[in-house]
Amino acid sequence: MRQLLRCVMLGAAVWGLAGAASRAALLEDGGRALEASPDATVITADKLTFDYLKQFAKFDGNVLVNDPRMQLSAEQLTVIFSREGGAQTIKAEGKVLMSQEDKKARADVATYDVKSGRIVLTGAPDRPPQVLQGRNILEGEVITFWRDEQRVECQPRARLIVYSEDFGKDPDSFLRKGEAD
């Protein structure tokens with residue numbers, strides 16, 4: 001949160017100091033040059049509600065997240081901030097689609113606890129969350145990933161469909177980030 005405020009304040013200061021010609025050059029491409037940074041995360045939505053006092057940001061309608069590590073789309077995205085200003089919890093809801101390298105995931109709800117690195121995917125009984133890598137599919141009522149531990153848990157009614165030829169000599173590559181033979 002403080003980082004966001006610092007960026008806004010720095011931007012205002014730069015804007016105020018920049019001459020009219022410099023401001024025109026910055027806006028010539030609609031601000032797109034700022035998004036070209038390889039470490040930029042760009043979030044677009046029909047509506048953004050940011051509440052500094054309640055420490056949250058809520059994106060509504062046609063939410064798209066383009067991050068160097070992953071892409072996400074959903075109907076709604078809520079970010080809860082900690083008192084220190086960083087993201088604490090991120091929750092995507094409604095037709096959630098995520099992709100990262102050769103992996104894709106679908107769910108009704110995806111909740112990410114930033115501190116623990118835990119990602120929980122849930123869905124309705126007739127629409128269980130799914131994780132796909134190539135033709136391989138993992139599904140169940142709740143799929144939980146631990147980002148830093150390369151660990152996954154799926155329950156109840158866990159179902160895994162594996163095409164062994166897709167993994168070559170290493171069937172365990174399904175659990176490792178972006179690794180495939």
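Tell me the trypsin sites (Lys or Arg not before Pro) within segment 78-170 that lie in a loop according to DSSP and have at most 15 other beta-carbon atoms within 10 Å. Spell out each step's value before the answer.
On the way: sites: Arg83, Lys91, Lys95, Lys103, Lys104, Arg106, Lys115, Arg118, Arg135, Arg147, Arg151, Arg157, Arg159, Lys169; in loops: Arg83, Lys115, Arg135, Arg147, Arg157, Lys169.
When the trypsin sites (Lys or Arg not before Pro) of segment 78-170 are filtered for loop state and at most 15 Cβ neighbours within 10 Å, Arg83, Lys115, Arg135, Arg147, Arg157, Lys169 remain.
Exactly which chymotrypsin sites (Phe, Trp or Tyr not before Pro) in segment 42-145 are in a DSSP loop and have at most 14 other Cβ atoms within 10 Å?
Working: sites: Phe50, Tyr52, Phe56, Phe59, Phe81, Tyr112, Phe145; in loops: Tyr52.
Taking segment 42-145 and a limit of 14 other Cβ atoms within 10 Å, the loop chymotrypsin sites (Phe, Trp or Tyr not before Pro) found are Tyr52.
Looking at the square roots a ≥ b ≥ c of the eigenvalues of the Cα gyration tensor of segment 92-164, which shape do they give, rounded for a/c under 1.5, prolate if a/b is larger than b/c, or oblate?
Because its axes are fairly even, with a/c under 1.5, segment 92-164 counts as rounded.
Take Met70, Met98 and order them by how many other Cβ atoms sit within 10 Å, fewest up front. Before the final figure, lay out the partial values.
Details: Met70 14, Met98 20.
Ranked by crowding around the Cβ, least crowded first: Met70, Met98.
Report the relative contact order of segment 39-175, percent, no decimals, based on alpha-carbon pairs under 8 angstrom and at least 6 residues apart. Present the calculation step by step, with values, prior to reporting the outcome.
Working: 324 pairs, mean separation 17.3, N = 137.
Relative contact order for segment 39-175 comes out at 13 percent.
Calculate the spin-label point distance for Glu141 paired with Glu84, positioning each point 7 Å from the Cα along the beta-carbon direction, and give it in nanometres.
Rounded to a tenth, the inter-label distance reads 3.5 nm.
Determine the equivalent ellipsoid of segment 39-175 by diagonalising the alpha-carbon gyration tensor, then write out the semi-axes as square roots of 5 times the eigenvalues, largest first, rounded to whole Å.
The equivalent ellipsoid of segment 39-175 has semi-axes of 28, 15, 15 Å.
Throughout, read-outs are computed from the coordinates displayed, never taken from laboratory work. It should be emphasised that the depicted structure is a prediction, and the values quoted were computed from it without experimental measurement. Here Cβ is always computed from backbone atoms with ideal geometry, including for glycine, and neighbour counts include all displayed protein chains.
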